[in-house]
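S.K.: My structure is below; once you've seen it, I'll send some questions.
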Amino acid sequence: MIQSPRLVVAHITTVLAFALIFLCLPFAVTAQDVSSGGTTPTASAEVAATAALDASVAANWLPVIDTFDGVPMASVPAGCFLMGSADGTPNEQPVNEVCLASDFWIDVYEVTHDQFAAFGGVAGRAAAFADIGGTLPRERVTWFEARDLCALRGGALPSEAEWEYAARGAAQHAYPWGDVFLPGVAVVSLGPGNHPEAVGERADGQSWVGAQDLAGNLWEWVSSVYSPYPYAAHDGREDINFKGDLPRVIRGGAWSYSTELARSAARSSRPPTTETSDIGFRCVRHTN
């Protein structure tokens with residue numbers, strides 16, 4: 001794949017960031033242990049370097065969009081971020097550093113009615129708003145049905161960490177676009193017509209990687225079993241093949257919910273068999 005000029009700019013910025021990092025390494029004192037939440041003084045230089053690099057990349061990243069089987073997806077660079085919110089609800093705490101080791105792609109938009117049909121998606125319940133238009137996001141899908149549609153596309157549901165990182169990045173914004181809610185950039189609080197809108201109608205609300213509607217429109221299924229923080233990908237919460245009824249996480253808020261639940265760190269859950277008119281999904285594609 002030919003690199004976008006925007007990606008080249010980000011790479012140049014990264015090189016400059018490394019130069020700054022090496023100047024700052026002697027001043028590192030302590031570090032956050034990603035796996036345990038403790039401090040590891042011997043790893044201080046490494047973590048300080050990672051933090052400086054990730055912050056620089058996130059601040060200077062320009063969206064890179066490519067199309068896979070007709071679906072636009074945004075590139076998300078590997079990196080670390082602080083997951084959760086010290087100012088949020090108890091289920092968003094404690095905050096801990098989470099690192100994603102590989103780049104990945106995430107859908108620019110929520111999966112639409114037209115896409116769900118085109119890729120052979122199967123749902124046990126008819127959509128509530130299909131008659132309004134095929135470019136509205138597909139709702140009334142269970143977690144299992146969403147997972148299976150992503151698999152048909154050669155992808156997967158994003159993990160809870162992947163979703164939050166794509167929404168807020170290392171900059172730790174409260175919302176995908178920044179720290180203050182802006183009227184008109186997200187479909188929330190019983191939006192116009194009391195239903196979700198066609199995807200891509202609120203481009204001013206896109207995240208740092210170029211993904212849209214991560215706040216509002218529909219809640220979005222992610223792969224993760226709903227579990228307490230701190231987040232740890234290898235503690236069983238990412239068992240994608242689990243067949244039971246443990247609740248799965250939903251993210252992003254919806255057209256029928258308040259702005260508070262549209263924050264990028266806000267999390268809720270539903271049984272995986274839930275099929276309501278306020279939950280949809282998007283997919284990711286991993287590069288390795």
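Here, each number is a calculation from the coordinates, and none is a lab measurement. The structure presented is a predicted model; accordingly, all values stated were derived computationally and were not measured. So basically every Cβ, Gly included, is an ideal-geometry build from the backbone, and we count neighbours across all protein chains shown.
S.K.: Can you give me the P(r) profile for region 104-221? Cα pairs, bins 5 angstrom wide beginning at 0, each as a whole percent.
M.R.: Per 5 Å bin, starting at 0, the Cα pair percentages come out as 2, 12, 21, 23, 20, 14, 6, 1.
S.K.: In addition: Please compute the length gained on full extension between THR276 and CYS99, using 0.36 nm multiplied by the number of residues separating them and subtracting their Cα-Cα distance.
M.R.: Result: 60.5 nm gained on full extension.
S.K.: Another question about this same structure. Contour minus end-to-end for ASP204 and ASP114, with contour as 0.36 nm per residue of separation and end-to-end as the Cα-Cα distance?
M.R.: Full extension from ASP204 to ASP114 adds 30.0 nm.
S.K.: How large is Rg/Rh for region 207-288, to two decimals, with Cα atoms and a Kirkwood Rh?
M.R.: On the way: Rg = 13.1 Å, Rh = 13.6 Å.
A ratio of 0.96.
S.K.: Further question on the same structure: If you split all Cα-Cα distances of region 138-288 into 5 Å bins from zero, what percentages do you get per bin, shortest first?
M.R.: Computed distribution, short to long bins: 2, 10, 20, 24, 21, 14, 7, 2, 0.
S.K.: Starting from the Cα gyration tensor of region 166-254, multiply each eigenvalue by 5, take the square root, and state the resulting semi-axes largest first in whole Å.
M.R.: 27, 17, 10
S.K.: Report the extension gain between ASP179 and LEU62 in nm, rounded to one decimal, defined as 0.36 nm multiplied by the number of residues separating them, less their alpha carbon distance.
M.R.: On the way: separation 117, 0.36 × 117 = 42.12 nm, distance 1.89 nm.
Taking ASP179 through LEU62 to full extension adds about 40.2 nm, to one decimal.
S.K.: Could you work out how far apart the two model spin labels at ALA78 and ASP131 are, taking each label as a point 7 Å from the Cα in the direction of the beta carbon, and quote it in nm?
M.R.: Reported label-point gap for ALA78 and ASP131 is 5.0 nm.
S.K.: Starting from the Cα of VAL122, step 7 Å toward the Cβ, then list every residue of region 243-266 with an amide N under 18 Å from that point.
M.R.: Within reach of a label on VAL122, which here means backbone N under 18 Å from a point 7 Å along Cα→Cβ, region 243-266 contributes 243-244.
S.K.: Then there is this: How far is the Cα center of region 89-160 from the Cα center of region 229-255, in Å?
M.R.: Here the answer is 13 Å between Cα centres.
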